[in-house]
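Each reported figure results from applying straightforward, stated rules to the coordinates on display, with no laboratory input. On a predicted model such as this, the values are computed, not experimentally measured, just so you know. No Cβ is skipped: glycine too gets one built from the backbone with ideal geometry, and neighbour counts run over all protein chains shown.
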Amino acid sequence: MAEDSKRDPKLIFVTMPLLDLSAEREFPGNVYLCLHHKMIRYRNKGDSLDLAAFNKLVYNHVRYVFIEDADRAAFKAWVGEAEASDATELSTAPPEAKEIVEAVATQRRAMMDIFESPKDDKAVKQAVEVSKKLVTEFLRKPFAVNNISALQKHSKGCVDHSVNVSVLSVFLGLRMGYTHQIILENLALGGLFHDVGKMLVEAKDDSMLGDDDPAMQQHPKLGAELLDKSREIANEVRMIVAQHHEFLDGSGFPAKLKGLAVYDLARLVAIANIYDNLISQSNAPTLKECQIEAVDRIEADYADKLDAKKLEKVVKILRYSFL
Ligand SMILES: [Fe+2]
Ligand SMILES: [Fe+2]
């Protein structure tokens, strides 16, 4: 990021919500950030943003970027193209899954509000309501969606990732025999809120924190503490959030819990989280190919760290869901 010292002083800027920026797509104009009351050119026209850089902006509390007023129409069309391709991706869902797809879309909107203001209890309450609705729809038609690709998106950042982990956790939980509504709701909410603590990690000066930074590794604890303040949230959900990075061999974080100390539902959300992250990192051309690659990698690389029985079942369920 270089300061745009030769910026034309007559340029007029308009704001654009950060969540309208798609990662991995070329920008139709320059993108600016306002840091310490100075306008900084962050990316040039034709550049793009990778997922890690996008998430760093979110976790460093950037809510808006700035674009030049002259580029407003070009950006509007650019955002529209992304929305249209999202709609095509989701249209692979069968018609009987309509209510489930709608519930997922509502969950995505609720999650945007949470990332906008994580301490707002009203936003938390709304996310709880929409997650309950998602579980109700899943239970009404448990086999309306057999192929998880119909609900999981190529994540373009932490909002999509949170929704993906939530939906995956419910889908997998249901297929694994967790049919109790309350348990599925806890899975849905644990998945949705698992990374909310990333919003509360204090950035040191202007630097952007990565996932392996010790401060960032406190995000499960910070997330659980944030949810402590909400009466809407069950203790089981806090445990999922607090433990979603713990591994059974004690090599996880932040508490380095071992074996049975790791809460059962947190083990399942941990698998869904890793799986969705592997998909984001994959360069395969289609979502389905990314999913197939991610299943192979999670099976090969995480066998000693995750709950072996659950992993075996998840791998079977996912492989079956790609057929
Ligand atoms: Fe996390
Ligand atoms: Fe995550």
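Worth pointing out:
- Based on C-alpha pairs under 8 angstrom that are at least 6 apart in sequence, the chain has a relative contact order of 14 percent.
- Least to most buried among 36, 161, 154, 219 (fewest other Cβ within 10 Å first): 36, 154, 161, 219
- Sequence of 15, 106 once ranked by neighbouring C-beta atoms within 10 Å, starting from the fewest: 15, 106
- Cα centroid separation, region 60-76 to region 263-320 (Å): 35 Å
- Sum of -39500 (n - 2.57) over DSSP H runs of 4+, divided by residues of the chain (222 nm, nearest 500): -16500 deg cm²/dmol
- Exposure proxy shown here: for 72, 41, 231, 267, the number of other Cβ atoms within 10 Å sets the order, fewest to most, as 231, 72, 41, 267.
- With 22 Å as the limit, the listed pairs 153/309; 125/256; 119/198; 258/309; 119/153 have 153/309; 125/256; 119/153 beyond it between alpha carbons.
- Qualifying chymotrypsin sites (Phe, Trp or Tyr not before Pro) in region 185-280, DSSP loop, other Cβ atoms within 10 Å at most 14: none
- Of all lysines in the structure, the ones whose alpha carbon falls short of 25 Å from that of residue 10, not counting any fewer than 8 places away in one chain, are 38, 45, 76.
- With the largest listed first and rounded to whole Å, the semi-axes of the equivalent ellipsoid of the chain from the Cα gyration tensor are 33, 23, 19.
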